[in-house]
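The numbers here are math on the coordinates, done by the rules we state, and not lab data. These numbers come from a predicted model, not from an experiment. When we count neighbours, we look across all protein chains shown, and the Cβ atoms used for this are built from the backbone with ideal geometry, even at glycine.
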Amino acid sequence: MSRARVLVLNAALGPLDYRVPHGMTVEPGSIVVAPLGPRQLLGVVWEPERMPSDAEVGDNRLRPLLGVADAPPLGAALRRLVEWTAAYYLASPASVVRMAVASTSALEGARTATEYRATGVVPERLTPQRAQALERIGERQGLIRELAAVAGVSDAVIRGLCKAGAIEPVEVDIDSPFPLPDPAHGAPDLSPDQQAAAGTLVEAVAARRFEPTLLNGVTGSGKTEVYFEAVAQAIRNGRQTLVLLPEIALTEPFLKRFHDRFGCEPVAWHSGLRSTQRRRAWRAIATGEALVTVGARSALFLPYANLGLIVVDEAHETSFKQEDGVHYHARDVAVMRGKFEGCPVILASATPAIETRQQVELGRYAELKLPGRYGAAEMPAIEAIDLIHEPPERGRWLSPRLVAAMEATLAKGEQSLLFLNRRGYAPLTLCRTCGHRFQCPNCTAWMVEHRLTRRLACHHCGHIEPVPRVCPECQGEDTLVACGPGVERIADEVAALFPAATTAVVTSDTIWSPAKAAEFVGRMEAGDIDIVVGTQLVTKGYHFPNLTLVGVVDADLGLEGGDLRAAERTFQQIRQVSGRAGRGSKPGHVFIQTHSPKAQVMQALITGDADAFYEAETEARRDAGAPPFGRYAAIIVSSEDRATAHETAVAIGRAAPRVDGMAVYGPAPAPLAMLRGRHRYRLLVHARRALDVQDVIRDWLGALQWPPKVRVTVDIDPYNFL
Ligand code: ADP
Ligand code: ZN
């Protein structure tokens with residue numbers, strides 16, 4: 001190949017052609033360094049016929065490539081996935097391929113570092129400090145600062161020992177190999193139901209067959225144990241597994257369970273990794289050495305050398321939908337990746353999305369069911385508390401029946417969980433005298449009071465301000481009042497009710513790293529926490545056998561706003577959080593505080609009749625032509641200048657093509673009319689399922705131009721209507 005088409009990693013540029021200099025070999029998928037003007041850019045070599053270029057340059061005018069990365073080329077299946085994702089979500093291929101080439105330092109090839117270890121030589125001058133250091137270091141090997149930390153001495157002591165010959169340097173590959181999981185390590189005895197499901201999955205992995213399967217089991221039925229059997233089979237075959245989790249906070253408990261089952265931790269991939277950790281993980285994934293990778297959605301585009309299985313755990317979670325950059329849905333892209341790689345894809349959920357159920361209905365996905373909890377655990381009893389008939393005391397949020405249940409739980413030495421999906425102390429703060437409300441200067445949103453940090457914060461853009469003592473409007477002193485509860489306020493109420501109990505607030509403000517999550521899990525398991533007050537962060541994944549009571553503080557909250565999935569999401573969320581109760585041998589109890597206990601979703605939760613709820617929801621969607629029976633696409637137009645955003649949105653609306661089976665609504669100001677200082681307008685495209693709505697939008701927007709400061713974003717299959 002003397003000429004190469006290269007997808008340079010710059011979203012604004014199309015593919016470019018280069019000359020391959022003498023002595024350099026590249027193939028499709030090779031990661032290369034290409035010149036662009038005075039700059040050097042990374043790029044990936046692509047098949048020219050699959051990536052047409054609109055600016056063909058003659059051979060004699062091509063510039064030569066500058067280098068090839070010391071890393072395996074991106075495989076054909078991944079290249080097909082990049083093309084599919086770019087076409088489906090109307091994104092530039094470069095912005096998709098960038099997610100595959102996610103560690104630039106990984107491209108530099110093997111590197112070494114200097115580590116140190118004891119030689120066994122006893123130094124002539126053996127101070128007590130030196131003796132202590134050598135004893136504690138023992139057989140360990142590490143960087144100077146790591147050894148110093150282990151030994152509890154300063155770096156200088158270690159250096160001194162090195163000079164004295166008691167410690168020596170060794171050159172090591174900085175990418176130390178990952179341990180190999182052992183499929184036989186902690187194999188469980190499966191129940192007959194579990195055995196049947198696991199057998200089917202294992203068989204699909206062994207057969208290397210693309211097969212999307214919904215693993216539909218109630219909370220606590222052992223879905224993880226079951227799909228671990230499929231993982232074990234992939235390991236035995238030497239093929240890689242990717243497990244996608246909806247949230248990095250869930251990584252830590254997962255690592256622990258994986259360790260119990262396979263004797264070591266899998267490779268973790270998430271935004272919290274340091275650059276050296278990313279590099280090591282990326283290289284191990286690209287060479288095939290990393291047999292099992294667990295990660296958030298960004299792990300989906302990594303260059304696995306031989307993928308044999310993909311698991312999407314808690315597959316119904318809407319956090320799999322990426323809301324910036326490339327607006328993709330990781331669950332759907334995972335299925336496509338399985339298709340291109342030719343491997344099974346397991347979607348595990350206790351509350352599968354209607355979209356997924358419909359695929360099962362149509363026979364496109366297989367379904368395996370686990371109808372009961374594992375072992376002696378029973379599904380919890382669920383009751384509604386009608387807030388109209390049994391209201392909390394004035395100024396409080398917990399009704400007497402829930403408080404009594406908490407008291408009884410505490411007396412038995414068991415744990416309770418209160419769920420309220422609202423961070424902070426109060427969702428709205430206003431001045432009692434003049435009614436002034438605190439609004440974010442950058443967004444159409446109220447500032448939320450956080451008492452733990454003594455700040456007002458915007459949950460959309462992150463803007464924070466101190467809580468003023470004086471009202472900025474009327475100058476009244478100490479006139480600010482908090483309206484409505486957030487988790488911090490509930491925690492205050494709990495502290496007042498049960499002063500002797502230990503309460504933990506669990507939100508993204510308190511659990512912001514895997515280490516924080518691990519600490520929380522440790523305290524729960526040790527019984528150091530009596531009552532947890534948390535947001536959706538505590539609704540899933542966790543397994544605490546001593547947690548027997550769950551209280552849903554405001555079940556109606558998720559129904560406000562009313563987007564098309566509001567009822568489904570409320571059902572899923574409350575079902576999930578209920579699933580935290582009574583997972584061990586002790587029975588669980590759930591109380592749902594609501595103003596409308598007769599509402600269909602509340603009735604479905606209380607009776608546990610999920611099928612009836614889903615059937616009614618599905619029919620409502622079918623009638624409305626909503627997903628999965630019809631399709632939506634959102635077009636969001638934003639600019640710092642309101643008039644420019646509005647004009648562009650109107651121009652886009654006017655240019656909307658007339659297509660049979662497609663309607664365009666708007667533009668209208670977005671519910672979040674201003675976000676991060678940008679004014680926003682939305683158009684909503686509604687189309688019948690069979691219409692290639694991407695093609696229509698591509699032609700429609702492709703023919704238009706707008707001022708450079710206007711951003712036009714297309715969101716295919718939107719989940720967020722703000
Ligand atoms: P799910 O993911 O369906 O909510 P889990 O896989 O977390 O359920 O299982 C719930 C609990 O039951 C876990 O502690 C798990 O280790 C345990 N468990 C499930 N199946 C088995 C089994 N066959 N043998 C031993 N423990 C099991
Ligand atoms: Zn804001």
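Here are a few things to note about the model shown:
- For the range 604-705, the set of trypsin sites (Lys or Arg not before Pro) satisfying both a DSSP loop assignment and a count of at most 14 other C-beta atoms within 10 Å is given as 658, 689.
- Cα centroid separation - the range 369-423 against the range 458-503, whole Å: 24 Å
- Nonlocal amide H pairs with residue 116, under 5 Å, H built at 1.01 Å: 142, 143, 170
- Amide H contacts under 5 Å for residue 312, placed H, 5+ residues apart: 244, 346, 347, 348
- Under the Karplus curve 6.51 cos²θ - 1.76 cosθ + 1.60, θ = phi - 60°, whole-Hz ³J(HN,Hα) for the range 586-593, x wherever Gly or Pro sits: 8, x, x, 9, 10, 10, 10, 7
- Neighbourhood net charge (15 Å Cβ-Cβ; Lys/Arg +1, Asp/Glu -1) for residue 48: -3
- Here the chain carries DSSP beta bridges of which approximately 55% are antiparallel, counting only pairs with both residues inside.
- Per-residue Cβ neighbour rank within 10 angstrom, fewest leading, 465, 49: 49, 465
- For the range 481-587, GluC sites (Glu not before Pro) are listed when DSSP marks them as loop and at most 15 other Cβ atoms sit within 10 Å of their Cβ; the list is 560.
- Whole-number percent relative contact order across the chain, with pairs defined as alpha carbons under 8 Å at least 6 apart: 11 percent
- Isolated cysteines of the chain, defined as having no other cysteine beta carbon under 4.7 Å away, are 162, 264, 343, 461, 483.
- Sequence-distant residues sharing a close amide H with residue 547 (under 5 Å, placed H): 415, 582, 583
- Shown for 431, 461: other C-beta atoms within 10 Å of each C-beta, ranked fewest to most, produce the order 461, 431.
- Of the GluC sites (Glu not before Pro) in the range 117-220, the ones in a loop by DSSP (not H, G, I, E or B) with at most 13 other beta carbons within 10 Å are 124, 139.
- Treating r as the C-beta distance of residue 513 and residue 383 and R0 as 56 Å, the FRET efficiency rounds to 0.95.
- Each residue of the range 62-68 is assigned a 3J(HN,Hα), and the resulting list reads 6, 8, x, 5, 9, x, 10 Hz, derived from the Karplus form 6.51 cos²θ - 1.76 cosθ + 1.60 (θ = phi - 60°), x at Gly and Pro.
- Sequence of 41, 398, 302 once ranked by neighbouring C-beta atoms within 10 Å, starting from the fewest: 41, 398, 302
- Among the listed pairs 339/540; 321/540; 256/586; 223/540; 412/540; 369/586, those beyond 21 Å (Cα-Cα): 339/540; 256/586; 412/540; 369/586
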